[in-house]
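*Asks:* Pasting in a structure now, in structure tokens, and then I'll have a few things to ask.
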Amino acid sequence: MKLYGEHVVLRPAAPDDIPALATIRATPEVYETWRGGDDLTAAVTDALNDPDVTVLAIEHDGRTVGAIQWEAEPDPEYRHASLDIYLDPAMHGRGLCADAVRTLARHLITDHGHHRLVIDPAADNAPAIRCYSKVGFRPVGIMRQYEQGPDGSWHDGLLMDLLADDLTA
């Protein structure tokens, strides 16, 4: 299964993607928010093997430039899907993040029947928040001391959601 955006192609991540994704995860900009310990190859491999998470490689011009992943809440009374994404910093500023998020959101709404999607960037990650807002995600609220940083300090997260009717074209 491949999903086609305006500028990106999303496809199931495969073992051949692990070196490229580990390299992207090792860039300071990505590592700061994604981390993954000392062995990023193992971290990426673990993500690809997690049965509860679907990891898709993001391709642009035929090369892997990042990953976007999702998982579903199985309880039917709280049914929704959550997303996460990282992109090679060399690709930032080209609209690829919004294209990938929009493409996956459309797939989750249309093909999987989700009416609500959530994403939770760091509260101080203004570029990510702008990207998700372009797709139609709206801030729900601050999750105080949500995530522990590499230095042991706690940082706030921003819960954002998107209802099916909020998805921008």
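*Asks:* Please go through (1) under 23 Å from GLU59 (Cβ atoms); (2) touching a residue at least 12 places away in the same chain (Cβ under 8 Å); (3) not basic (Lys, Arg) for ASP111 and return the number of the only condition it doesn't satisfy.
*Replies:* Condition (2) is where ASP111 drops out.
*Asks:* Go through VAL118, VAL65 for me and flag whichever is among the hydrophobic types (A, V, I, L, M, F, W, C) and over 26 Å from TRP154 (Cβ atoms).
*Replies:* Unique residue meeting the criteria: VAL65.
*Asks:* Restricting to the range 46-83, name every residue that is closer than 18 Å to ALA22 by Cβ and among the hydroxyl-bearing types (Ser, Thr, Tyr).
*Replies:* THR64
*Asks:* OK, next. Please enumerate the residues belonging to the range 56-95 that are open to solvent by 20 Å² or more (accessible area, probe 1.4 Å), hydrophobic (A, V, I, L, M, F, W, C) and more than 9 Å from the chain's Cα centre (by Cα).
*Replies:* Across the range 56-95, the qualifying residues are ALA72, ALA90.
*Asks:* Taking GLU29 and the conditions (1) without any contact (Cβ under 8 Å) to a residue 40 or more places away in the chain; (2) acidic (Asp, Glu); (3) under 13 Å from LEU87 (Cα atoms), which numbered condition does it fall short on, given that it satisfies the others?
*Replies:* (1)
*Asks:* So for the range 139-156 (the condition being under 13 Å from the mean Cα position of the chain (by Cα), among the hydrophobic types (A, V, I, L, M, F, W, C), open to solvent by 10 Å² or more (accessible area, probe 1.4 Å) and modelled with pLDDT of 95 or more), does at least one residue qualify?
*Replies:* No, the range 139-156 contains no residue that is under 13 Å from the mean Cα position of the chain (by Cα), among the hydrophobic types (A, V, I, L, M, F, W, C), open to solvent by 10 Å² or more (accessible area, probe 1.4 Å) and modelled with pLDDT of 95 or more.
*Asks:* Sticking with this structure for a sec: Looking at the structure I just gave you, is PRO51 of a type outside the set (A, V, I, L, M, F, W, C), within 25 Å of GLU147 (Cα to Cα) and without any contact (Cβ under 8 Å) to a residue 12 or more places away in the chain?
*Replies:* Answer is yes for this residue.
*Asks:* Follow-up question, since we're still on this one. Quickly run through the range 57-79 and pick out the residues that are touching a residue at least 40 places away in the same chain (Cβ under 8 Å) and more than 17 Å from ALA14 (Cα to Cα).
*Replies:* Passing the criteria: only ALA72.
*Asks:* If a residue must be part of a helix (DSSP H, G or I) and either open to solvent by 20 Å² or more (accessible area, probe 1.4 Å) or of a type in the set (Val, Ile, Thr) (or both), how many such residues does the range 108-131 contain?
*Replies:* Adding up the residues that qualify gives 6.
The values are calculated or read from the model by the stated rules, or taken from the named source; none is laboratory data. What you see is a predicted model; the values in this text were computed from it and never measured. Heads up, the Cβs are rebuilt from the backbone with ideal geometry, glycines too, and the neighbour counts pull from every protein chain shown. Each accessible area value is taken on the protein alone, full model and side chains, heavy atoms only, with ligands, DNA and RNA left out. Shrake-Rupley method; radii C 1.70, N 1.55, O 1.52, S 1.80 Å.
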